[in-house]
Every structure is written in structure tokens, then in C-alpha cells.
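Only one structure is covered here, and it is reproduced in the block below.
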Amino acid sequence: MKKAIAVIAVVVVMLGAWAYLGERFYMNGSDAEYEEGRAYAEETMVAIMSAWDASALQQRASAELLKTRMGTEADVFCSRNTSMLGPLVQYGDIGGYARRYYTLTHGKLLRGDYSFDAEFQRLKAAVVVSVEKKSGSWKLAMLECRQKR
């Protein structure tokens, strides 16, 4: 009887720890997962930034990103970047990492966080992009451009 209670206590503690850790629990992705995420991030950035295309942004955005101001006002976001940055002219090497997360809400989630230097028509910027693969499909999770000084 004491063994059964001890086993149940251990299971409850383990489940509690898993629930607490949530999205904090991750493992580094494989080289293939890194390359797959990097290729998707590059393809997505070229599609969006070449002409700051709002429809390309909305097509590739995750459900969570679509709920933010960037998603609901994609045309405003893109027109603002068109006037501030201009279209993408060229970009440097893309670096970053891919990680596998295990969550209670999404199950297995693959997330790639990448950055690169980019030259736009009007200025140079550091670009940070995150992409996520849920249920076998990649989506854009975050996009940020910071002016380089």
C-alpha cells in the first residue's frame, strides 16, 4: 500500500513539473530540422520583404501572429515598412537555431529562431524571424526589423 501511494505521489509530482515547465522544456533540433526551418524562414522573408506583401504575410503567419496587431493590420505593417525601409535589396547569411518543444497545449512543436543582416532600399537592418512547425506545417511566428547604426 505504501509503495502504491509513493508511486502515485511520484507520478503527480512528475505531471506537475511537466505542466509547470510547459514551453520551457525543449531539446535542440537536428541539423535537418535546422535547415528545414532556415529554408522556410528565408523563403518567407523574401516573399514578404521583396515588396512588403501583406497577403504573403497573412498567408504565412501563424494563428497566434494573426491575432496580434501585425496580423490584423498586415496592410498597415507592410505599407509602413515600405515607406520606412523600402523593398529588400539583399541579405547576408542566416544564422540561428531550431528547438523542439513539448507542451500540453500544442504537443510537439518545432521552432526556429533566425537572424540576418539585410539591406533595404532606404537603409540597413538586422532582421529577426521565428518560424514554427505544428502539425507538419511551417508558419511565421515573429518578424522584427531593427535599423543598423
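A cut-off of 5 Å between modelled amide H atoms, ignoring neighbours fewer than 5 places along the same chain, links Met142 with Ser130. Database remark: amide H of Ile94 closer than 5 angstrom to no amide H (H placed geometrically; neighbours at sequence offset of 5 or more, or on other chains; Pro and chain starts carry no H).
Arranged from fewest to most other beta-carbon atoms within 10 Å of their beta carbon, Lys3, Lys124, Lys139 become Lys3, Lys124, Lys139. Charges were assigned to the Cβ only: +1 to each Lys and Arg, -1 to each Asp and Glu. The resulting dipole of the chain about its Cα centre is roughly 700 debye.
If one takes the longest principal axis of the Cα atoms in the chain, at what angle in degrees, from 0 to 90 and to the nearest 10, does the Cα axis of helix 31-49 lie? For 31-49 against the chain, the angle is about 40 degrees. By other beta-carbon atoms within 10 Å, ranking Glu132, Glu73, Glu42 with the fewest at the front produces Glu73, Glu42, Glu132. Remark on region 26-147: Rg and Dmax equal 14.2, 44 Å (Cα only). Between the listed residues Val131, Leu109, Asn28, the Cα displaced farthest toward the positive end of the dipole of region 26-147, a dipole computed from Cβ unit charges relative to the Cα centre, is found at Leu109. Straight-line reach from Lys124: taking Cα to Cα under 20 Å and skipping same-chain neighbours fewer than 8 places apart, the lysines in range are Lys148. Applying the Karplus relation 6.51 cos²θ - 1.76 cosθ + 1.60 with θ = phi - 60° to region 125-133 yields 3J(HN,Hα) values of 9, 9, 10, 10, 9, 10, 10, 10, 10 Hz, where x marks Gly and Pro. DSSP beta bridges fully contained in the chain are about 95 percent antiparallel. If one takes the longest principal axis of the Cα atoms in the chain, at what angle in degrees, from 0 to 90 and to the nearest 10, does the Cα axis of helix 74-84 lie? Between helix and principal axis, roughly 50 degrees.
Footprinting exposure proxy ranking of Ser62, Ser83, fewest other C-beta atoms within 10 angstrom first, gives Ser83, Ser62.
Every number here is computed from the coordinates shown, using simple stated rules; none is lab data. From a predicted model like this one, the values you see are computed outputs, not experimental measurements. Every residue, glycine as well, gets a Cβ built from its backbone with ideal geometry; the counts of neighbours run over all protein chains shown.
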